[in-house]
Structures are given as C-alpha cells and as structure tokens.
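Undergrad: Can you keep this structure in mind? I'll have questions shortly.
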C-alpha cells in the first residue's frame, strides 16, 4: 500500500473511531429467557427470530409459562399487490408487503409492550421476459424485509424491562 493511501486510511479510521461510530450489533435483551408463541409452525420470520435470539445469552423456552417474557405473534402475512399495469393488463410493478403484529407480555398475562404493528413494503418492477429472475428478486426482497422486521422486533424487545 503506498504511503499516501496508508495515511488516508489511518486518518479515516481515526476519524470514525473518534465520532463514536460502531457497527450495528444485536440489541442487548434484559431478560434471561423468552418464549415465542402464535407463530405458524413453518414461519420463516419465527425461524430467523429464533436464530437471532440464539446469538444472545437469552434462553429460548418452549413453554411460555416458564419464560420471563413471551413474545406473542398475532399476525404474520406476506402479500403481493399489483401497483402498475399496462393497458393490456400486463403487470409492470408489484408492491411486496410483510405485516407482523405482536405483543410482549409476562407469562401471567401482564402486557409489557402493547399490540405493535410492523408494516414493511418494497416496490419491484416486473417484466415477463425475466420472470425467473424476478421470482428470485421477490424472494430476496421478502428475506430482506423479514430481516428488517426481526431487527425491529429485537430493538423493541431490548427496550422492555420486567416489572419490579
């Protein structure tokens, strides 16, 4: 690496460190155990949520009565709605939607985080000539929305404090 590039790199690294920049980490949850309920057995969102929680020191409990917190899913749906179509009826743009409703409560039923609605949307242009590629793009966009929803849920869980 040339000397000028090395100096520029060191200066940039020092400036970032000095401003408090940090990479985003998994939020710190303030409980020892949590249970997930209300999700469909094949829920991809629940699987990613479990995977992210398993990266923390929090224990995932199968029995909601034995956990400190219960994250209760009330709704999880994925939609695809036509946004733009030609006069001949050919679709040119879709809107992808991911909707998740949940609440956080204690096993005794005390609500710590009331009914919360997450609504994520992404627009995707479409052409029949690239149908297979567009299917893959759609799946990728849904995965990205799912990851975003899980991150938002974890940030909300990190803000929850147990009573007492």
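Undergrad: Just to verify a result, which residue in the range 106-116, among those that are part of a strand (DSSP E or B) and without any contact (Cβ under 8 Å) to a residue 40 or more places away in the chain, is surrounded by the fewest Cβ atoms within 10 Å (Cβ to Cβ)?
TA: In the first step, residues of the range 106-116 are kept if they are part of a strand (DSSP E or B); the result is 111-116.
Restricting the remaining residues to those that are without any contact (Cβ under 8 Å) to a residue 40 or more places away in the chain gives 111, 114.
On the way: 111: 11, 114: 8.
Among them, the one singled out is 114.
Undergrad: Enumerate the strands (runs of 3 or more DSSP E) found wholly within the range 33-105, keeping only those where 1 or more residues are without any contact (Cβ under 8 Å) to a residue 12 or more places away in the chain and either touching a strand residue (DSSP E or B) at 6+ places or on another chain (Cβ under 6 Å) or surrounded by fewer than 16 Cβ atoms within 10 Å (Cβ to Cβ) (or both).
TA: Working: elements: 33-37, 59-61, 69-85, 91-105.
Fully inside the range 33-105 and qualifying: 69-85.
Undergrad: Among the residues of the range 125-153, write down those that are in contact with a helix residue (DSSP H, G or I) (Cβ under 6 Å, 6 or more places away or on another chain) and under 22 Å from residue 88 (Cα atoms).
TA: Applying the first criterion (in contact with a helix residue (DSSP H, G or I) (Cβ under 6 Å, 6 or more places away or on another chain)) to the range 125-153 yields 126, 146, 150.
126, the sole residue that qualifies.
Undergrad: Could you please find all residues in the range 150-164 being part of a loop (DSSP other than H, G, I, E, B) and in contact with a strand residue (DSSP E or B) (Cβ under 9 Å, 6 or more places away or on another chain)? Write out each step before concluding.
TA: Initially, the range 150-164 is screened for residues part of a loop (DSSP other than H, G, I, E, B), giving 160-164.
Matches in the range 150-164: 160, 161, 162, 163.
Undergrad: Do we find a residue being in contact with a strand residue (DSSP E or B) (Cβ under 9 Å, 6 or more places away or on another chain) and in contact (Cβ under 8 Å) with a residue 24 or more places away in the chain anywhere in the range 131-138?
TA: The initial filter retains those residues of the range 131-138 that are in contact with a strand residue (DSSP E or B) (Cβ under 9 Å, 6 or more places away or on another chain), namely 134, 137-138.
Retained after the next criterion (residues that are in contact (Cβ under 8 Å) with a residue 24 or more places away in the chain): 138.
Taking every residue of the range 131-138 in turn, at least one turns out to be in contact with a strand residue (DSSP E or B) (Cβ under 9 Å, 6 or more places away or on another chain) and in contact (Cβ under 8 Å) with a residue 24 or more places away in the chain.
No lab work stands behind these numbers, since they all come straight from the coordinates. Predicted, not measured: the structure shown is a model, and the values here were computed from it. Cβ coordinates were reconstructed from backbone atoms using ideal geometry, including for glycine residues, and neighbour counts include every protein chain displayed.
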